[in-house]
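Data block below; observations after.
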Amino acid sequence: MESLEFLNLSQQKFLKMKIHNKFWKNKKVFITGNTGFKGTWLSIWLNLMGANILGYSLRPNTKPSLYDLAYISRVIKTINGDVRNKKKLKNILKRFKPNIIFHFAAQPLVLDSYQKPLETYETNFNGTLNLLESVRELKIKSPLIIITSDKCYENINKKKGYKETDKLGGADPYSGSKGATEILCKSYYESFFNKKHKIINPMVTVRAGNVIGGGDWSKNRIVPDVIRTILNNKILNIRNPKATRPWQHVLEPLHGYISLAEKLYTNKKNFSGAWNFGPNISQKKTVEYLVDKMKKQWPYTTNIKIKINRSNSKKKEHKLLHLDYSKSKKYLNWKPKWNTQKTIKQTINWYVKYYKNENIYNACLSDINEYLN
């Protein structure tokens, strides 16, 4: 693949980074959904640490997309493919023989799941099933990091946050598909990857809060909706301004995923299972709060007109959601580094750089550097 020289990468920034080069150097990492928002950020991070990455994903479904803006195709190889195509997925895995597997590929939007329930379940559940079955059939002995969602829990508006042992559920097709995926992963682990306590494939499912950050252009997500409103001088439609969500920067859970991958690779026995990654409970904020802070952080004159849109009120969306990350804190020494205000600041700074036509890869690099230092 092409070197990073075309990015004018600052050696000073690179040398300051506290990254585990020795572990990830030349590790063969397979990432499904690497053209998506979170998958692209992880690809950038692991590439900096020297990993040999192969992506398997559909083309980005947004314009613009972080994957295209940062020219990721120049630094890692991506094979265009659908996780619903088991034959192709299995053949790619057979040839690549990965050391570590990250599974991001999904239909990630709640509202879209109402309009496309079959596609949502086929992608989120059957796609994961195809991956697990391919790994089983090929006898690939690689740690598996399966990305699900905080919405896999049965939401009872629990104030203290959901623990990994709480009941799974799903009042909408997206949440239901993620809850079902959690059960699928556990059954495969117990049936095929953990034979008589001899770990064949260590596997985790990871559940993160509402992830925000630079480079998200998805529809019906509050941050890209606000940015589009600012850039195009349109009216912002908000469904539930009083709803609280566990907002966190995309680098927070990715840091957890990377730490887990390292643990699984070196200690197969003690780290398999479900893991939460979310902000401190004191940082849970409303949609209204997030929009207001984003407006104030934008450095140029803007006058966002907000409209409360109740057209989707019949579609189930809970008003309270929070995760308990005490397990990750205890066993991984993981805890969020950035509070909500810092998260919003970093996010807005990224979009300002986009607005000013700055180098997008370096904008991501700057955030990673800031996070690690």
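The values are calculated or read from the model by the stated rules, or taken from the named source; none is laboratory data. What you see is a predicted model, and the numbers here were worked out from it, not measured in a lab. Because the Cβ atoms are built from the backbone with ideal geometry, glycine has one as well, and the counts that use them run over all protein chains shown. Note: areas computed on protein heavy atoms with side chains; ligands, DNA, RNA excluded. Shrake-Rupley method; radii C 1.70, N 1.55, O 1.52, S 1.80 Å.
Computed quantities for the displayed model
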quantity	calculated
Residues whose placed amide H lies under 5 Å from that of I200, excluding near-sequence neighbours	N194, K195
Relative contact order [Cα under 8 Å, 6+ residues apart], segment 198-302, whole percent	42 percent
Assigned charges on the beta-carbon of Lys, Arg, Asp, Glu; the chain dipole about Cα centre (debye)	600 debye
Net charge over other residues, Cβ less than 13 angstrom from the Cβ of Q346 (K, R count +1; D, E count -1)	+1
Partners for K263 among lysines (Cα-Cα distance below 17 Å; same-chain residues under 8 apart left out)	K22, K25, K27, K28, K141, K198, K327, K329, K330, K335
Residues whose placed amide H lies under 5 Å from that of I212, excluding near-sequence neighbours	Q248, H249, V250
Spherically averaged projected area in nm², based on the convex hull that wraps the Cα atoms of segment 40-83	3.1 nm²
Proximal lysines to K356, defined as alpha-carbon separation beneath 17 angstrom and excluding residues fewer than eight positions away on the same chain	K345
Distance from segment 30-103 to segment 177-246 (C-alpha centre basis), Å	17 Å
Segment 218-373: Cα Rg divided by the 2.2 N^0.38 Å rule of thumb	1.18
DSSP bridge pairs, segment 132-267: antiparallel proportion in percent, nearest 5	30 percent
Per residue accessible area of the chain, 1.4 Å probe, in Å²	46 Å²
For I238, distant residues with modelled amide H under 5 Å away	K307, I308, N309
Packing-based order for 264-272, 50-58, using average beta carbon neighbours within 10 Å, highest first	50-58, 264-272
Rh by Kirkwood over Cα pairs, then Stokes-Einstein D for segment 72-209 at 0.692 mPa s and 37 °C, µm²/s	207 µm²/s
Listed residue pairs exceeding 27 Å between alpha carbons, taken from K86/K116; K219/K296; K63/K242	K63/K242
Fraction of accessible area attributable to carbon and sulfur, the chain (%, probe 1.4 Å)	47 percent
Share antiparallel - DSSP beta bridges, the chain, percent rounded to 5	15 percent
